[in-house]
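Participant: A single structure is presented below for examination.
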Amino acid sequence: MELNKIEKLLEKYFAAATTIEEEKELKDYFSSSNVAPTLDQYKPIFVYAVQAKQEQFIAPITLKNNKRSKIVWLSIAASVAVLLGLVLLTFNQYNELESQDLGTIDDPNIAFRETQKALNMISEHVNKGIGSVKYINEYEQTKNKIFK
């Protein structure tokens, strides 16, 4: 009767349908000395699992203090120092810009003339850009004529 039960458990095991208790039962059976000769071929599978569970690594582990880890930490520290320097430099320049007088004009007539100069300069650049767009339109029209 037990042989039939073990054979059914083996079928379930190879179909990946066994529970943990059933697998433990198989391990216990194949670890014992009274394994049926017809099932001897399966013994190494289950005996190995039991033996592997009992193995322990007992060799001492030595940690090496190699130069590579020091170089890595040194490069990380240097990167942090550079980033910190850049942040401080940028912050310092930002504060200097805030403290400078950036062209505030108290006289309304002078402010009006300066504003007119700035707007005329912008107008000239915009007109140049519009002129370039005209050339692009001509190019598009010519291209459409050729490729139609």
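Participant: Output the number of residues of region 11-36 satisfying the condition of being within 46 Å of the chain's Cα centre (by Cα) and assigned to a loop (DSSP other than H, G, I, E, B).
Facilitator: Here the count works out to 5.
Residue by residue, here is whether (1) assigned by TED's automatic domain parsing to the domain that holds residue 118; (2) surrounded by 10 or more Cβ atoms within 10 Å (Cβ to Cβ); (3) at pLDDT below 75; (4) farther than 30 Å from residue 118 by Cβ holds:
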site	(1), (2), (3), (4)
6	no, yes, no, yes
13	no, yes, no, yes
23	no, yes, no, yes
31	no, yes, no, yes
46	no, yes, no, yes
60	no, no, no, yes
76	no, yes, no, yes
83	no, yes, no, yes
98	no, no, yes, no
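Participant: So, one more: Which one of these does residue 68 not meet: (1) under 30 Å from residue 8 (Cβ atoms); (2) within 32 Å of the chain's Cα centre (by Cα); (3) charged (D, E, K, R)?
Facilitator: Residue 68 satisfies every listed condition except (1).
Participant: What are the residues in region 62-72 that are among the hydrophobic types (A, V, I, L, M, F, W, C) and surrounded by 10 or more Cβ atoms within 10 Å (Cβ to Cβ), if any?
Facilitator: 71, 72
Participant: Yes or no: residue 45 within 43 Å of the chain's Cα centre (by Cα) and part of a helix (DSSP H, G or I)?
Facilitator: Judged against the criteria, residue 45 is a match.
The values are calculated or read from the model by the stated rules, or taken from the named source; none is laboratory data. Bear in mind that the values here come from a model prediction, so they are computed numbers and not experimental data. No Cβ is skipped: glycine too gets one built from the backbone with ideal geometry, and neighbour counts run over all protein chains shown.
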